[in-house]
């Protein structure tokens, strides 16, 4: 077994690999960019080596620097994690040439399967079901349009070296095909250094289901069941679960056997994933093979009880798999939510900054797991992926896993940057998601105009008002106690209040009871018992005997509450104050319609218009790059450009003016 390994990655996956290595008694080496000098993976590792500036092309993607770090520290092997160099055949080959073990498949297998065009041809030869398409690299946007027409819209435009939703677009017409080709090529070149693009038929209403395989160097290849990955936004996975609620045992077996056949066809060794698109009739087609560890691997670990990272290390060291196919059984159900630094109420725009508060939910008998590479006080950088953490929950049944996930999301506190937790919480309560009957179009179908606060109704808004009243009364009781001690006499506290939430008034009565307060609103009575303290941002307690958990904090004169994705601000005041407040004039927001504002922090890659130019609604105005993704800003109406305020290459902040219109 190895004595020391280097992890050629960052963030949560680097931390994940370090944990398994530590469990195995293996020393670890972290590499880091200048932006990551205080990162968690650097602190966790036994040694750390700086490999360059913040941009990944100058650090994490430089093969020579990784090899030099191995030689400097004496690392015998390298685990690449996912992303960066994990599917780079040149990287695994160079390591091998330098006598360093690559903890992953051999470079020949990476070359065969890491290239989507070549892998599709190999899949055909191995008798694996494949999707119709054009399997050669496309030269330009004109050829892309011609090919798309020949295949028939809609089509999927894909980067040959792509992954993680980058270099991937769906086109429904010629214009989208031309724009999609250019965008995919730019993203692919920036993220993977390979701008080859191909096109295939887009299967409408599909399921995205993948098979996890593991293979050793002794001819043993096993599939570790499947993962359902159909809940996606912009082709990036949002929720993954195992097993799939859609397929049955016969389809599972057929998909697994085809995945194994493909792996054997390229002499595959290590962990890998074969991805399929599955139609409503349960027919399935090969999409691609990821020759690395997947982001969503924990759900497989939860239901099979295996440690995939440990298996990868053992296989790389020449050991045999400790099980055969018949040993693999599913134990319960597991789900993973990707917690990202993005604002779901602003079109999921990236959010960067310092984590002022980071408080993940506690593990419950090993049924709740949080994989992360951040810590409170750390920074979310614009240079890398937006992931903050992965939240994984297990249950005996799918319903139990969902309920556990709901509770965990309620307890997950993140401040300083926006997160997609409200969106994840909303999905966990959506009837279609709960039914298990959904496709990759689920989010586009259910949220065609984006995600807004109205998409997250609360079943019992009176409960939110009651918890706000609980907090206010506890504050007042403390203040009165201090005042009484100083004044030497007792002051009475009234029990009649009004809670104002989203312009809705809730007249309430608050009475003390042992361990808490009884809050009455009309015919509803909420007996809240809790030891909640003022410094805590999560309220744990019971309401009428039922456990309740929500986020609660004081913001000025208001209380901010988050529960099942619903985020509100509540003001608890007397009835007289409520009446007077209703008479106050409303502040009118300034008209900013004459400006194009940056919706996110990022790099202004392109300004597509000139001063004096007349533009039409839907026309491209600018391109911003943030967290390795290109974002095209388009005109919302017909207008004329008056002034270009920001220039290409400039780093933008949120709401910074880019263009002024007449």
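The values are calculated or read from the model by the stated rules, or taken from the named source; none is laboratory data. Nothing here was measured: the structure is a model prediction, and the numbers come from that model. Using ideal geometry, Cβ is built from the backbone for each residue, glycine included, and neighbour counts are taken over all protein chains shown.
Can you give me the number of residues within segment 429-456 that are outside any helix (DSSP H, G or I) and over 19 Å from residue 209 (Cα atoms)?
Our first condition is that a residue be outside any helix (DSSP H, G or I); within segment 429-456, this holds for 429-430, 436-441, 447-452, 456.
If we keep only those that are over 19 Å from residue 209 (Cα atoms) too, we end up with 429-430, 447-452, 456.
Number satisfying all stated conditions: 9.
Can you go through 363, 381 and tell me which one is farther than 20 Å from residue 11 by Cβ and surrounded by fewer than 20 Cβ atoms within 10 Å (Cβ to Cβ)?
Matching residue, one of 363, 381: 363.
What number of residues within segment 233-264 satisfy the criterion of being in contact with a helix residue (DSSP H, G or I) (Cβ under 7 Å, 6 or more places away or on another chain) and modelled with pLDDT under 95?
Residues meeting the conditions: 1.
Within segment 592-601, is there a residue that is touching a helix residue (DSSP H, G or I) at 6+ places or on another chain (Cβ under 9 Å) and assigned to a strand (DSSP E or B)? Even if it seems obvious, please write down each step before you answer.
Initially, segment 592-601 is screened for residues touching a helix residue (DSSP H, G or I) at 6+ places or on another chain (Cβ under 9 Å), giving 599-600.
Within this subset, residues satisfying the condition of being assigned to a strand (DSSP E or B) are none.
The answer is no, given that none of the residues of segment 592-601 is touching a helix residue (DSSP H, G or I) at 6+ places or on another chain (Cβ under 9 Å) and assigned to a strand (DSSP E or B).
Of these, 147, 157, which one is outside any helix (DSSP H, G or I) and either touching a strand residue (DSSP E or B) at 6+ places or on another chain (Cβ under 7 Å) or surrounded by fewer than 18 Cβ atoms within 10 Å (Cβ to Cβ) (or both)?
157 is the lone residue from the list that is outside any helix (DSSP H, G or I) and either touching a strand residue (DSSP E or B) at 6+ places or on another chain (Cβ under 7 Å) or surrounded by fewer than 18 Cβ atoms within 10 Å (Cβ to Cβ) (or both).
Looking only at segment 614-644, count how many residues are assigned to a loop (DSSP other than H, G, I, E, B) and surrounded by 15 or more Cβ atoms within 10 Å (Cβ to Cβ).
Going residue by residue through segment 614-644, those that are assigned to a loop (DSSP other than H, G, I, E, B) are 616-619, 627-628, 635-638.
Imposing the further condition that a residue be surrounded by 15 or more Cβ atoms within 10 Å (Cβ to Cβ) reduces the set to 627-628, 635.
Count: 3.
Does segment 74-89 contain at least one residue that is out of contact with any helix residue (DSSP H, G or I) (no Cβ under 9 Å at 6 or more places or on another chain) and surrounded by fewer than 20 Cβ atoms within 10 Å (Cβ to Cβ)?
Looking for residues that are out of contact with any helix residue (DSSP H, G or I) (no Cβ under 9 Å at 6 or more places or on another chain) and surrounded by fewer than 20 Cβ atoms within 10 Å (Cβ to Cβ), one finds at least one in segment 74-89, hence yes.
Applying the selection to segment 257-273, what residues are assigned to a helix (DSSP H, G or I) and either in the same structural domain as residue 80 (by TED's automatic domain parsing) or surrounded by 19 or more Cβ atoms within 10 Å (Cβ to Cβ) (or both)? Talk me through it step by step, then tell me what you get.
Of all residues in segment 257-273, those assigned to a helix (DSSP H, G or I) come to 257-265.
Result: 258, 259, 260, 262, 263.
Got at least one residue in segment 451-467 being within 23 Å of the chain's Cα centre (by Cα), outside the structural domain of residue 281 (by TED's automatic domain parsing) and at pLDDT 90 or above?
Yes, that holds for at least one residue.
Checking residue 337 against (1) on the phi > 0 side of the Ramachandran plot; (2) surrounded by 21 or more Cβ atoms within 10 Å (Cβ to Cβ); (3) modelled with pLDDT of 95 or more, which single condition isn't satisfied?
(1)
For residue 68, which of the numbered conditions (1) over 22 Å from residue 20 (Cα atoms); (2) assigned to a loop (DSSP other than H, G, I, E, B); (3) at pLDDT 95 or above fails to hold?
Among (1) over 22 Å from residue 20 (Cα atoms); (2) assigned to a loop (DSSP other than H, G, I, E, B); (3) at pLDDT 95 or above, residue 68 violates only (2).
Test residue 332 against the stated conditions and say whether it is at positive phi and surrounded by fewer than 23 Cβ atoms within 10 Å (Cβ to Cβ).
Values: at positive phi: yes; surrounded by fewer than 23 Cβ atoms within 10 Å (Cβ to Cβ): yes.
Taking the combined requirement at face value, the residue satisfies it.
Only one of (1) over 30 Å from residue 329 (Cα atoms); (2) in a loop (DSSP other than H, G, I, E, B); (3) in contact (Cβ under 8 Å) with a residue 40 or more places away in the chain is not met by residue 388, so which one is it?
All conditions pass for residue 388, except number (2).
Please list, ordered by residue number, the strands (runs of 3 or more DSSP E) wholly in segment 160-225 having 1 or more residues that are over 21 Å from residue 295 (Cα atoms) and free of Cβ contacts under 8 Å to residues at least 60 places away in the same chain.
On the way: elements: 166-171, 197-201, 207-215.
Ranges flagged: 166-171.
Taking segment 289-346, which residues are more than 17 Å from residue 222 (Cβ to Cβ), assigned to a loop (DSSP other than H, G, I, E, B) and touching a helix residue (DSSP H, G or I) at 6+ places or on another chain (Cβ under 7 Å)?
332
Against the definition (over 27 Å from the mean Cα position of the chain (by Cα) and touching a residue at least 40 places away in the same chain (Cβ under 8 Å)), how does residue 87 come out, yes or no? So that I can check it myself, show each step before the final result.
Values: over 27 Å from the mean Cα position of the chain (by Cα): no; touching a residue at least 40 places away in the same chain (Cβ under 8 Å): yes.
Against the criterion (over 27 Å from the mean Cα position of the chain (by Cα) and touching a residue at least 40 places away in the same chain (Cβ under 8 Å)), residue 87 does not qualify.
Kindly indicate which of 557, 528 is surrounded by 15 or more Cβ atoms within 10 Å (Cβ to Cβ) and under 36 Å from the mean Cα position of the chain (by Cα).
Values: 557 fails: surrounded by 15 or more Cβ atoms within 10 Å (Cβ to Cβ).
Only one candidate passes the filter, namely 528.
Go over the candidates 276, 286 one by one and state the one that is crowded, with 24+ Cβ neighbours inside 10 Å and either touching a helix residue (DSSP H, G or I) at 6+ places or on another chain (Cβ under 8 Å) or in the same structural domain as residue 18 (by TED's automatic domain parsing) (or both). Can you show your working first?
Working: 286 fails: crowded, with 24+ Cβ neighbours inside 10 Å.
Of 276, 286, the one residue that is crowded, with 24+ Cβ neighbours inside 10 Å and either touching a helix residue (DSSP H, G or I) at 6+ places or on another chain (Cβ under 8 Å) or in the same structural domain as residue 18 (by TED's automatic domain parsing) (or both) is 276.
Return the total of residues in segment 568-579 being crowded, with 17+ Cβ neighbours inside 10 Å and assigned to a strand (DSSP E or B). Outline the logic, then answer.
First, pick out the residues of segment 568-579 that are crowded, with 17+ Cβ neighbours inside 10 Å: 568, 570-573, 578.
Keeping just the survivors that are assigned to a strand (DSSP E or B) gives 568, 570-573.
Result for segment 568-579: 5.
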